[in-house]
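The structure under discussion appears below in the form of structure tokens.
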Amino acid sequence: MTTNSVGPVYTQFFTFAEEEPFPLESGETLQPVTLAYETYGALNADRSNAILICHALSGGAHAAGELDGDPTRLGWWEETIGPGKAFDTDRFFVICSNVIGSCYGSTGPASINPATGKPYGLNFPVVTIGDMVRAQVKLIDHLGIERLLCVAGGSMGGMQVLEWAAHHPQRLRAAIPIATTAHHSPMLIAFSEVGRQAIYADPAWNHGAYYDTAQKPDAGLAVARMVGHITYLSEESMHLKFGRRLQGHEKYGYEFETEFEVESYLKYNGHKFTQRFDANSYLYVTKAMDYFDLTQPTGSLAAAFADSAHVKFLVISFTSDWLYPSYHSKQLVSALTAAGVDVTYLDVKSSWGHDAFLLEVETMTNLLSSFLDRLVREERVAAPSGYMPRPRPASRNHTVLPRTQLADNLA
Amino acid sequence: MSMQSVVSTQSPPLRADLLAIADLIEPGARVLDIGCGDGALLEFLRDRKQVKGRGIELTEAGVLACVRRGLSVRQGNVQEGLADYPDQSFDVVILSQTLPFLDDPAMVLAEMLRVGRTAIVSFSNWGHWRCRLELLFTGRIPVAVDLPQQWYESPRRQPFSVTDFARFCRKIGITIDRQIYLNRGLRVRTGRFKNLLSTTAVFTLQRA
């Protein structure tokens with residue numbers, strides 16, 4: 001269905017910390033650590049054209065292409081990564097890896113604990129955004145890349161971008177944080193906690209020890225996902241998408257069946273999520289987001305970017321995003337400006353709430369490809385061997401994913 | 001000499017007041033253009049004068065146009081945008097055709113000279129003889145020759161003249177350094193009759 005797809009892709013695995021344990025911010029360690037990752041495109045001669053894509057809460061390493069050659073299993077950022085697209089795989093070597101703590105191939109609570117031979121469950125140590133990124137640094141080392149051209153991502157992916165720029169500034173030339181924040185707000189922590197409480201309250205959760213039981217904490221995880229979905233929409237987009245329309249009913253039934261379209265949407269997506277995500281991973285990954293606060297330890301966000309003056313930033317927010325409101329991005333832009341960082345910023349007008357970062361494809365493509373063109377020029381990035389520039393259509397063709405699939409791709 | 005006839009292979013022709021501003025900027029300077037619009041001036045300065053430019057622009061269309069030109073631009077308004085920059089972080093801060101729209105021009109000019117060593121402003125002159133005659137003979141408040149906008153149109157603007165601006169600068173402790181006067185896009189020698197003969201003025205400003 002995509003015209004410019006990267007084609008069949010296969011997830012790869014990189015395991016490290018087999019000899020020496022991988023230290024975590026909490027003081028705990030992990031040994032060994034496996035990262036699932038995918039790459040698209042080719043490295044150029046001096047390895048300067050690599051772009052790392054960071055995924056959001058429920059995403060994985062499969063960002064583009066047809067997984068295992070299956071054309072129905074497209075990547076979560078299919079519209080943005082591919083030949084001739086914003087992250088142009090003709091020109092760039094694009095990498096996406098699954099974060100630690102998640103459940104798409106990287107080490108997480110569902111992985112086997114080598115000490116016990118059983119899944120970790122709650123014995124998995126709590127990880128942070130900083131830990132996730134330090135694991136990515138190991139992967140970049142393994143791939144032989146000294147310096148990434150760019151790190152990009154939205155939502156939790158944007159937090160990883162900021163973590164890269166603040167704590168590993170010598171490893172990247174540019175950063176693209178989208179619809180994100182430099183410090184998780186109390187409101188965000190509150191929503192995370194409601195999701196976690198829903199999982200704790202499910203008897204099947206069993207304090208995280210459910211991997212060898214028939215019943216999984218699906219009910220709790222589904223409620224957590226429903227709360228999440230509400231926060232990804234906006235009041236306006238709910239009006240547009242659902243209004244007060246009824247689903248499968250002509251008139252009110254005065255009963256507790258699923259009546260409104262919006263109820264049906266949440267129920268469907270909550271249920272579908274349980275088929276693809278692990279409840280314990282949901283706990284760990286949301287916890288990692290809650291701990292994220294780049295203003296620490298000094299209290300000043302500008303201080304966090306003191307060594308990042310050479311990193312070129314493209315910061316993007318969306319006017320109707322109330323989960324990561326624009327003022328978070330504006331504070332970030334102010335701090336970067338004060339730190340002398342070259343920052344480009346746009347608050348994109350959109351009705352789609354937090355989802356906008358996956359839906360406003362045209363504006364995003366304009367911003368991303370122009371910014372990357374500029375990086376290629378200013379950083380003198382050579383194309384990989386065999387590169388043939390393709391004519392750029394004035395208005396690019398984008399794959400419009402059906403809404404149901406979009407919901408699946410969302411943060 | 002026509003200011004509009006210069007055509008570059010790299011950049012499209014530049015508006016006359018922008019070209020006059022460009023003439024005032026040293027090669028390689030660090031430049032902040034506030035209210036940079038579609039980025040035409042910054043692109044010209046980058047391509048012709050190897051300037052390290054940054055822009056501030058309010059509109060989404062303007063920001064997108066700047067990004068398309070490969071410029072560094074942040075969305076924001078003039079007032080809040082300037083506050084973030086460290087003292088003296090630019091050689092030049094530019095404000096072109098924006099002064100009549102500002103709520104607090106004294107604050108903005110002070111900020112421009114905090115952030116930059118030099119400020120350059122361009123503005124339309126309501127003191128031009130055509131404006132004077134228009135008010136005298138028609139009884140209507142004149143529309144500036146280079147800013148064809150009616151009084152009821154948005155954004156609202158406050159008319160003033162070259163003389164008004166010069167007095168204002170004296171009052172707030174700002175020195176007008178270099179002065180270029182344009183009459184409908186052409187650079188003109190005005191002699192003593194700057195206010196009468198110019199439709200747009202371009203000034204470099206410094207702290208007194």
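Values quoted throughout were computed directly from the atomic coordinates according to the rules given, and no laboratory measurement underlies them. What you see is a predicted model, and the numbers here were worked out from it, not measured in a lab. Here Cβ is always computed from backbone atoms with ideal geometry, including for glycine, and neighbour counts include all displayed protein chains.
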>> On a straight-distance basis, which lysines could pair with A:LYS241 in a cross-link, Cα separation under 27 angstrom, same-chain partners fewer than 8 positions away excluded?
In response: A:LYS251, A:LYS267, A:LYS272, A:LYS349
> Taking A:LYS138 as the anchor, which lysines have their alpha carbon closer than 27 Å to its alpha carbon, excluding any fewer than eight residues away along the same chain?
Replying inline: A:LYS118, A:LYS287, A:LYS312
>> Order these by the 10 Å Cβ neighbour count, fewest first: B:CYS169, B:CYS66.
In response: B:CYS169, B:CYS66
>> Which of rounded, prolate or oblate describes the range B:155-208 when judged by the alpha-carbon gyration tensor and an a/c cut-off of 1.5?
In response: oblate
> Applying the Karplus parametrisation 6.51 cos²θ - 1.76 cosθ + 1.60 with θ = phi - 60° to the phi angles of the range B:100-114, what ³J(HN,Hα) value in whole Hz is obtained for each residue in order, glycine and proline being reported as x?
Replying inline: x, 9, 7, 6, 9, x, 5, 5, 5, 5, 4, 5, 4, 8, 7
> What's log10 of I(q)/I(0) for the range A:259-357 at q = 0.10, 0.18, 0.22 Å⁻¹, Debye sum over Cα points only, no solvent?
Replying inline: -0.43, -1.01, -1.15
> So how do A:311-324, A:179-192 stack up, highest first, on mean other-Cβ count within 10 Å?
Replying inline: A:311-324, A:179-192
>> Can you compute 3J(HN,Hα) from phi for each residue in the range A:236-241, using the Karplus curve 6.51 cos²θ - 1.76 cosθ + 1.60 with θ = phi - 60°, rounded to whole Hz and x for Gly and Pro?
In response: 5, 5, 5, 4, 5, 6
> What percent does the relative contact order of chain A come to when contacts are Cα pairs within less than 8 Å and at least six residues apart?
Replying inline: 19
> So in chain A, what percent of DSSP beta bridges are antiparallel if you round to the nearest 5?
Replying inline: 40
>> Can you return the aspartates and glutamates within cross-link range of B:LYS49? Criterion is Cα-Cα under 13 Å, with same-chain partners fewer than 8 residues away left out.
In response: B:ASP23, B:GLU26
> Two-decimal Rg/Rh of the range B:77-208 from alpha-carbon positions, Kirkwood Rh?
Replying inline: 0.98
> Sorting B:ILE174, A:ILE112 on the 10 Å Cβ count, fewest up front, what's the list?
Replying inline: A:ILE112, B:ILE174
> Given a Förster distance of 25 angstrom, what is the FRET efficiency for A:GLN247 paired with A:ASP70, based on the Cβ-Cβ distance and rounded to 0.05?
Replying inline: 0.25
> Can you list the residues, at least 5 places off or on another chain, whose amide H is less than 5 Å from the amide H of B:ARG178, using H built in the peptide plane?
Replying inline: B:THR204
>> Debye calculation, C-alpha points only, no solvent: report log10 I(q)/I(0) for the protein assembly as shown at q = 0.05, 0.12 Å⁻¹, in the same order as the q values.
In response: -0.27, -1.19
>> Taking amide H atoms as placed 1.01 Å from N in the peptide plane, list the residues 5 or more away in sequence, or in a different chain, whose amide H sits under 5 Å from that of B:SER72.
In response: B:GLY55
> What value, in deg cm²/dmol to 500, does the helix sum -39500 (n - 2.57) over DSSP H runs of n ≥ 4 give at 222 nm once divided by the residues of chain A?
Replying inline: -10000 deg cm²/dmol
> Under 5 Å between amide H atoms, partner at least 5 residues away or on a different chain: which partners does B:ARG207 have, H built in plane at 1.01 Å?
Replying inline: B:THR175
> Over chain B, what relative contact order in percent results from Cα pairs under 8 Å that are six or more residues apart?
Replying inline: 19
> Shielding of A:339-346 by partners, i.e. mean partner chain Cβ atoms within 10 Å per residue?
Replying inline: 5
>> Using the Karplus curve 6.51 cos²θ - 1.76 cosθ + 1.60 with θ = phi - 60°, what ³J(HN,Hα) values do you get for each residue of the range B:67-81, in whole Hz, with x for Gly and Pro?
In response: 5, 4, 7, x, 9, 9, 9, 10, 6, x, 8, 4, 4, 7, x
